[in-house]
Amino acid sequence: MSAAKELRESLGATAHVAFAFCSPDYLPHLNDFCEILRVDGHAINVLGCTASGLIGGEIESEAVPGFSVLAISAADASFPALSISEEQAGVLTASTAAPQGSPPHGWVALTNPFRFDTETWLSRWTPAAGGSPVVGGLASGGTTEEDVAVFLNGKTADCVVVGIGGAAR
């Protein structure tokens, strides 16, 4: 809770999105972890994945328990977030997922390499994004499917995508 309070106080505003990276030992507590960041940290959406290394400030740690959070608050910006299952990967594209009106300028995608065919999905998503860049990465943190996860607001997913739109570039 102290990290959520620090997040809220340091931003001085509601976080539109918080990227959270955690060690696999957080998986049984993922819903509570995200809920604390949303309620006490005032983050609208919390998305992230497990990781084998964590970075905070000027310190990088490998194979240790913990988490790292990057929260973003930007006036007149939009950060639409959605989870995509492997079954939706062939149907849901950037053009169908984009909010009506002003499509995002870019996308951040996090995928679970044990559950999601990232290369095939990117080959469909990227052309439909209309030239908007797609950046991101693969979840890590373990050698088995049970130790690796991608999540949005406490619920695990195969892929999580957030658009960067409005005044944010």
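The values are calculated or read from the model by the stated rules, or taken from the named source; none is laboratory data. Since this is a predicted model, take the numbers as computed values, not measurements. Note that we place each Cβ from the backbone using ideal geometry, even for glycine, and neighbour counts take in every protein chain shown. Each accessible area value is taken on the protein alone, full model and side chains, heavy atoms only, with ligands, DNA and RNA left out. Shrake-Rupley method; radii C 1.70, N 1.55, O 1.52, S 1.80 Å.
Being more than 19 Å from S23 (Cβ to Cβ), in contact with a helix residue (DSSP H, G or I) (Cβ under 9 Å, 6 or more places away or on another chain) and assigned to a loop (DSSP other than H, G, I, E, B) is true for just one of G142, G130. Which residue is that? Answer to the check: G130.
If you check G41 against the conditions, is it closer than 24 Å to W107 by Cβ, within 13 Å of the chain's Cα centre (by Cα), at pLDDT 90 or above and among the small types (G, A, S)? Write out each step before concluding.
On the way: closer than 24 Å to W107 by Cβ: yes; within 13 Å of the chain's Cα centre (by Cα): no; at pLDDT 90 or above: yes; among the small types (G, A, S): yes.
Answer is no for this residue.
Within the stretch 124-141, if we keep just the residues that are among the small types (G, A, S) and under 14 Å from the mean Cα position of the chain (by Cα), the residue that is least open to solvent (accessible area, probe 1.4 Å) turns out to be A139. Beta carbons closer than 9 Å, at least 6 apart along the sequence or on distinct chains, pair a first residue in the stretch 66-88 that is open to solvent by 50 Å² or more (accessible area, probe 1.4 Å) with a second that is of a type in the set (K, R) and modelled with pLDDT of 90 or more for S83/K155; E86/R115. Test S61 against the criterion of being in a strand (DSSP E or B) and of a type in the set (G, A, S), and give yes or no. In short, yes.
Out of T118, T111, I need the residue that is touching a helix residue (DSSP H, G or I) at 6+ places or on another chain (Cβ under 8 Å), closer than 17 Å to A139 by Cβ and modelled with pLDDT of 90 or more. Which one? Result: T111 is the single residue among T118, T111 that is touching a helix residue (DSSP H, G or I) at 6+ places or on another chain (Cβ under 8 Å), closer than 17 Å to A139 by Cβ and modelled with pLDDT of 90 or more.
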